[in-house]
Amino acid sequence: MRNLKLLVIVFSLIFLLLGCNDQKIIENLGFMSVMCFDKASDSDEEKMLVTSTFPSFSDESTSTEIKLDTVAYSKKEAEKQLSAKTEQQIVNGQIRSLIFGEEFASDGINRIIQSVERDREIGSQVKVVVAEGEASAILESIPIESTGNYVDKMLKKDTDKFTIPYADIHHFSRDLLDDGIDPVVPLIGVEGKDVVVKGSALFRGDQYVGNLTIPESKILLLLIGKVKSSDLVVKIPQESGYRNFFFSYNHSKPKVNVKKNGAGIKEIRIHVTMEGALLEDTGSHIKGDSPTNYKEVEKLIDRHLTNEAAKLIEILKEKQADSLGVSRIVRNSVSYGQWKSMKEEDLLEKVPVNISFNVVVRDNGMLQ
Amino acid sequence: MIRRKPKKLIKKLKELNDQQQSEPSLDLSLYEQVVNELEGCSDSEDVFFPEHHVHFVFFNHLVDTDRFKAEILDPFYHVHKEELDSLLNRSFYKPVTELKKIIEGVLDGQVAIFNQERVFLVNVAGPEKRNIQPSETETTITGPHEGFIESGETNLSMIRRRVKTSRLKVNKLPVGEVTKTNAYLLYIKGIANEELVSELTDRIERIEIDAVYDAHMLSQLIEDQPNSLFPQFIARERPDSIAAGLVEGKIIILLEGSPAVIIAPSSFFDFFETGDDYYQRWLTGTATRLLRFGAFIITIAFTALYVSVTSYHYEMIPESLLTTLAVSRGKVPFDPIYEALLMEITIEFLREAGARLPTKVGQTIGIVGGIVIGQAAVQAGITSNVLIIVVAISAIASFVVPSYIMSASIRLARFGLILLAGLLGNLGIVIGLTIIVIHLSSLTSVGAPYLAPLSPFFPSDWKDFLLRAPYKMMKSRPTISRSPKKRKLKE
């Protein structure tokens, strides 16, 4: 009797759940690895040009990549139209990155991000990238078969080295929706025949407003949070030519302080301590590796970084992109009522940010 | 459910049987009655010594000829008539009066000696049996190699040699209405739980069947859930494992004519243990044990996972692997579920054929299986490369499970999971595994929870479960034996 009951339960479960059948047999699928969004040349403002690549398994032993594009009003519509252009069933569960063209991104990308976030097949770790010029140009320039993988690996290598900010869908929409900070994402571009990492793309809300070079991005990352291991090339003008340093740091930590005068905010102080090794010094005066000899170099790098950081703040102010989260720093230091009474847009403009560095050179590499 | 005779009926039957047997046929002497009983058994022998008026009745092939000659024939040749009485008074000759006992004795390989109205039984049993050899199904690398054989006496001797205590008790229980095969129930008094002993004795006595040929068969007749896919008693073929079971407070059931010996109660995880675990260093022992549980998971779910991933969940695997999978499936005309079933059934064919074929022909199977099915099937585009690897790995993993009976059960369960995976994807696998877990946790082995010590949770038993802890730490007997003396050593 008990077994019979069990059987009935099992079979009724199976039959009830049959509607959930959503079969996707892999060789019939065209899994997009990357989606590029550009403004359509059409006069219609809302229309976008979506370009994507996916492998095709017609041959027995190899796969070839197929590139398709379509013009549509929304991401899902674009997917349907792409699917209509091939015998494969287009699916998006293997998307690794979303690449936005500059022009498209400056109109705002929230509608795409939202659509991707809703899609249950897409994980939250899909990278958001902005491309200089046309996003579809990136796909033309990648030498290997699997475009999505290529872009993904290229970005991972650089975000691991803290050269460019890490930005996936989750980070992007968190920064977008959070009070007092704007998203910042990697920027790539085409140089000659190659795809190169260019720096970071600054957003105000969901609109692309400007960009930072790689050295500037590195400094931004130093100010935003802990950096585990990265390096800096420091160029300091001298009487004749430049003195070049290669400073490889394995530990850096910003300390944020908000100075108040009464109810108002006086200034924000960010003090960054960095520790690392000096691996290159073209004007080498160092004899031996006594710590006292590093003092001069440390001061030079300190001053250089402070100047660069000040320049960076100027850029952010100019673009009105609060990628550093100045407003958020303020928000975290005041009560909710005070925060509500402040004008968020003005904070970046009005609150002075004072940045200082403390560079500690631990050694100068491996001297044999 | 197997039908078991109610207890009362058994008693009645026994009484009835005894009455019939002991009904005296007054006009015939015991000798004549025995000869009547054995009429038609052309293999029985009746040797007559006219000078002493002595008959020997026995089965030539059940007695040891040397012993028969030395212990019976020679004395009778040399004895004088007047010395005969003192000879027969030796305790070596056991006087009997009941016909039933005489017949049973003769069938057991004893020699019945008839002298006028007196009957004696002499045990010179020594039927042909194979030598003690390493067990074929339970080999070990380290540790003792000898395995049980088909002779109950020899098996008992192997156990007694290892457990030298008078507290090791042996109950002899005949099973099978026709065959009267002897089952021996062994336990150590004071360590084993007496209630379990009487429960098992009771179960064996209530078996209603003509014949029992093997311990695995016996174990199905006394299990708590005979309809389950999973065996609830482990049967081992190595005396060292049996000795260990006895010391753990378990009850051992030995069956005449079977090299397998049942240990009761057993838990699901006992089927994943081997002697090697205990003879190797504890760290290596633990590692191999973990390896085996890994193999269990692979063998039950790997092919199913392949089916579900290739037919539903493409987003679960990295892109580069996905490309490999898709490319290898590119030419295959079947859906993954049919492809997987086809290959799994082929592997089962190969396994079954390999198990039955004589070794000389067996090599052919290897060649046919390995080359033709593996290589050619892929080239012909009937199946994909990756599936061959998947199926091969789960087949190998299934043989990592030391118990063949358990491994066969798991392999069958696997087919269910493959079907569910093909029907519902990962959801199906989860449903299937849930059903298996629910079923396993509902099983009992003479009342002991089958999934102990995992569920219910017995922390003290975890020292001999996933881990094989150092011997210093293993201080208590397993909870499922319900031993009255749970701590080892200390009184």
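Remarks
- Exclusive hit being farther than 27 Å from residue A:184 by Cβ, under 30 Å from the mean Cα position of the chain (by Cα) and at pLDDT below 85, set A:42, A:69: A:42
- Between A:115, A:173, A:146, the distinction of being touching a helix residue (DSSP H, G or I) at 6+ places or on another chain (Cβ under 8 Å), in contact (Cβ under 8 Å) with a residue 40 or more places away in the chain and within 14 Å of chain B (Cβ to nearest Cβ) belongs to A:146 only.
- Flag for residue B:421 being away from chain A (no Cβ under 13 Å) and in contact with a helix residue (DSSP H, G or I) (Cβ under 8 Å, 6 or more places away or on another chain): no
- Segment B:458-470, residues that are under 27 Å from the mean Cα position of the chain (by Cα) and either loosely packed, with under 14 Cβ neighbours inside 10 Å or not in a loop (DSSP other than H, G, I, E, B) (or both): B:461, B:462, B:463, B:464, B:468
- Which listed residue is over 30 Å from residue B:45 (Cα atoms), among the acidic types (Asp, Glu) and touching a residue at least 24 places away in the same chain (Cβ under 8 Å), from B:146, B:177: B:146
- In segment B:342-372, residue nearest to the other protein chains (Cβ to nearest Cβ) [restricted to those that are of a type in the set (S, T, N, Q) and exposed (fewer than 13 other Cβ atoms within 10 Å of the Cβ)]: B:364
- Options B:138, B:150; residue that is over 30 Å from residue B:29 (Cα atoms), acidic (Asp, Glu) and at pLDDT 90 or above: B:150
- Segment A:306-340, subset small (Gly, Ala, Ser) and over 18 Å from residue A:181 (Cβ atoms), residue surrounded by the fewest Cβ atoms within 10 Å (Cβ to Cβ): A:337
- Subset of segment A:45-62 (residues that are more than 14 Å from chain B (Cβ to nearest Cβ), modelled with pLDDT under 85 and in contact with an Asp or Glu (Cβ under 8 Å, 6 or more places away or on another chain)): A:45
- The set of residues in segment A:223-244 being hydroxyl-bearing (Ser, Thr, Tyr), within 20 Å of residue A:357 (Cα to Cα) and assigned to a loop (DSSP other than H, G, I, E, B) consists of A:229 alone.
- With respect to the stated conditions, residue B:459 is more than 12 Å from chain A (Cβ to nearest Cβ), farther than 23 Å from residue B:336 by Cα and free of Cβ contacts under 8 Å to residues at least 12 places away in the same chain.
- In the set B:225, B:280, B:232, only one residue is within 19 Å of residue B:201 (Cα to Cα), more than 16 Å from the chain's Cα centre (by Cα) and either touching a residue at least 60 places away in the same chain (Cβ under 8 Å) or buried (at least 24 other Cβ atoms within 10 Å of the Cβ) (or both); that residue is B:225.
- In segment B:413-430 there is at least one residue that is under 27 Å from residue B:137 (Cα atoms) and surrounded by fewer than 17 Cβ atoms within 10 Å (Cβ to Cβ).
- Against the test of being of a type outside the set (Phe, Trp, Tyr), assigned to a strand (DSSP E or B), more than 26 Å from residue A:211 (Cβ to Cβ) and at pLDDT 85 or above, the options A:280, A:275 yield a single qualifying residue, A:275.
- Residue within segment A:63-84 that is under 30 Å from residue A:320 (Cα atoms), among the aliphatic types (A, V, I, L, M) and within 14 Å of another protein chain (Cβ to nearest Cβ) present: no
- Among strands (runs of 3 or more DSSP E) entirely within segment B:45-136, having at least 2 residues that are among the aromatic types (Phe, Trp, Tyr) and either surrounded by 13 or more Cβ atoms within 10 Å (Cβ to Cβ) or in contact (Cβ under 8 Å) with a residue 12 or more places away in the chain (or both) singles out B:54-59.
- For the criterion of being surrounded by 21 or more Cβ atoms within 10 Å (Cβ to Cβ) and in a loop (DSSP other than H, G, I, E, B), residue A:172 fails.
- Leading residue by the ranking (nearest to the chain's Cα centre (by Cα)) among those in segment B:198-222 that are within 10 Å of residue B:262 (Cβ to Cβ) and touching a residue at least 60 places away in the same chain (Cβ under 8 Å): B:216
- Selection from segment B:310-321 of residues that are in a helix (DSSP H, G or I) and either more than 8 Å from chain A (Cβ to nearest Cβ) or in contact (Cβ under 8 Å) with a residue 60 or more places away in the chain (or both): B:311, B:316, B:321
- Residues of segment A:125-149 satisfying the condition of being buried (at least 20 other Cβ atoms within 10 Å of the Cβ) and in a helix (DSSP H, G or I): A:138, A:139, A:147, A:148, A:149
- Qualifying residue in segment B:334-341 (condition: in contact (Cβ under 8 Å) with a residue 40 or more places away in the chain and more than 14 Å from chain A (Cβ to nearest Cβ)): yes
Every residue, every condition in (1) out of contact with any strand residue (DSSP E or B) (no Cβ under 7 Å at 6 or more places or on another chain); (2) in contact (Cβ under 8 Å) with a residue 60 or more places away in the chain, yes or no:
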| site | (1), (2) |
| --- | --- |
| B:403 | no, yes |
| B:409 | yes, yes |
| B:415 | yes, yes |
| B:418 | yes, yes |
| B:422 | yes, yes |
| B:429 | yes, yes |
| B:441 | yes, no |
| B:450 | no, yes |
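- Selection status of residue B:393, without any contact (Cβ under 8 Å) to a residue 12 or more places away in the chain, of a type in the set (Val, Ile, Thr), at negative phi and surrounded by fewer than 17 Cβ atoms within 10 Å (Cβ to Cβ): no
- So residue B:327, is it over 31 Å from the mean Cα position of the chain (by Cα), in a helix (DSSP H, G or I), β-branched (Val, Ile, Thr) and within 14 Å of chain A (Cβ to nearest Cβ): yes
- Checking each residue of segment B:291-307 against the condition of being within 7 Å of another protein chain (Cβ to nearest Cβ), out of contact with any Phe, Trp or Tyr (no Cβ under 8 Å at 6 or more places or on another chain) and modelled with pLDDT of 90 or more gives no match.
- Residues within segment A:150-165 that are surrounded by 17 or more Cβ atoms within 10 Å (Cβ to Cβ), in a loop (DSSP other than H, G, I, E, B) and not β-branched (Val, Ile, Thr), tallied: 2
- Residue tally, condition touching a strand residue (DSSP E or B) at 6+ places or on another chain (Cβ under 9 Å), in contact (Cβ under 8 Å) with a residue 60 or more places away in the chain and of a type outside the set (S, T, N, Q), over segment B:471-485: 4
The values are calculated or read from the model by the stated rules, or taken from the named source; none is laboratory data. The shown structure was predicted, so the numbers you read here are calculated from the model rather than taken from an experiment. FYI the Cβ positions are ideal-geometry reconstructions off the backbone, even for glycines, and counts take in every protein chain you see.
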